[in-house]
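Here's the structure, in structure tokens; my notes come after.
The values are calculated or read from the model by the stated rules, or taken from the named source; none is laboratory data. Keep in mind that what you see is a predicted model, and the values were worked out from it rather than measured. Neighbour counts are summed over all protein chains in view; Cβ atoms, including those assigned to glycine, are modelled from backbone coordinates with ideal geometry. What goes into the accessible areas is simple: the full protein's heavy atoms, side chains included, and nothing from ligands, DNA or RNA. Shrake-Rupley method; radii C 1.70, N 1.55, O 1.52, S 1.80 Å.
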Amino acid sequence: MNFKNKLLKCLVISAFLSLFFTTTVLASTNGTVSGDNVNVRSGPSLTSSVVTRFTNGHAVEIIGESGDFYRISVDGQELYISQQFVEVSNADARVNTNNVNIRLQPNTDSLVLGTLREGTEVSVLGRTNGWYEVRVDGIEGFIRSDFLSGAALANVVEVTAAESNSAPTTNVTAHLEFHGVVNAGAGLRLRTGPSTNADVIQVLHRGQPFEILDTQGDWILANINNRVGFVSAEFVTVREGGIPEGSFLARELVDFGLQFLGTPYLWGGTNLRTGVDCSGFVFSVFRNFGITLNRTSRGMSTQGTAVARADLLPGDLVFFDTFAGGNQGRVSHVGIYMGNGDFVHSSSSRRTWGVVISNLSEPYYDRYYVSARRILNY
């Protein structure tokens, strides 16, 4: 199976997370007749009258079981056919306990795609060595057979893992890219190998997005700004599509800062509730997400990477020269860019005292704008 198809099957974790909270309603169990001129009867007995006969390959809708017969729907009638002449192509089943893992391959070492709650309905597509291949919300994986209950499961067709993974699943063939987002509050270690014993390359912050290159068991091979390493899949949320403009962390960071609109300006202050100066505000907001910046605006202007004004993204830092005497390119003020030209900052202006939102197009800030730096890894 090629790499892209592998990703299509194993990296829709965010979709599977929603399955823990929802129950999917599926169609009835389906099968095909595996013999010629097979009798379809009015009742579940060989003595019941023959209503019609089906030829090999005829599709049937199974609505229940009765002894050695399947109860089937035929043009609105409930009729019966011997189970020995029906090959079940897919069957409805329910998860019979909580926190059941659905995996990429039929073994307990395979990557966990998600967790299903008790009562979740799935469509069983095949069986292999004590596992069922299932589809739920258009995505396929494997569940141990003892965690599913339903009629006709014993007669579902046998499949192999190779057969089941030979092509992408039905509803995800259009998704060509995936990216990961760190969901660990204390950060996530990027390592040189798929092991907690491997050396740490760097620590990724909560909300940091990255490109997914491959998977190895419960590890993901990640690319962060051309630094490649492994991260534990347990602490990653996988999202469809490429890394969006404006990372998840940036949105969280900006939203957090906006909680403190109105906090008064206080020279030297770093308390987001009682008083902050411009760099104290930025310093404290970033510190909340485990990112340590220099304490002064001038010091911050040397961190991260330079970014052009036209290329600003949410979470970038914007710097100004507010010294008397006009814009000489000296940094004395800093804010956090929000998007659409807006930025949030702690202002010492008598007109806009404290934490406020301003816009780069305002004459004052347009005139005294100096530079911008990107701290976050987009």
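Once you have a ≥ b ≥ c as the square roots of the Cα gyration tensor eigenvalues for region 188-318, tell me rounded if a/c is under 1.5, and otherwise prolate or oblate according to whether a/b is larger than b/c. Kindly include the intermediate steps, with their values, before the conclusion.
Values: a/c = 2.22, a/b = 2.05, b/c = 1.08.
Prolate, since a/c reaches 1.5 and a/b exceeds b/c.
Run the quick spin-label model on Ser49 and Arg273: label points 7 Å from Cα toward the beta carbon, then report their separation in nm to one decimal.
8.2
For Asp199, Asp342, Asp75, what's the largest-to-smallest order of accessible area, 1.4 Å probe? Can you show the working numbers first?
On the way: Asp199 105, Asp342 50, Asp75 155 Å².
So the residues, ranked largest to smallest area, are Asp75, Asp199, Asp342.
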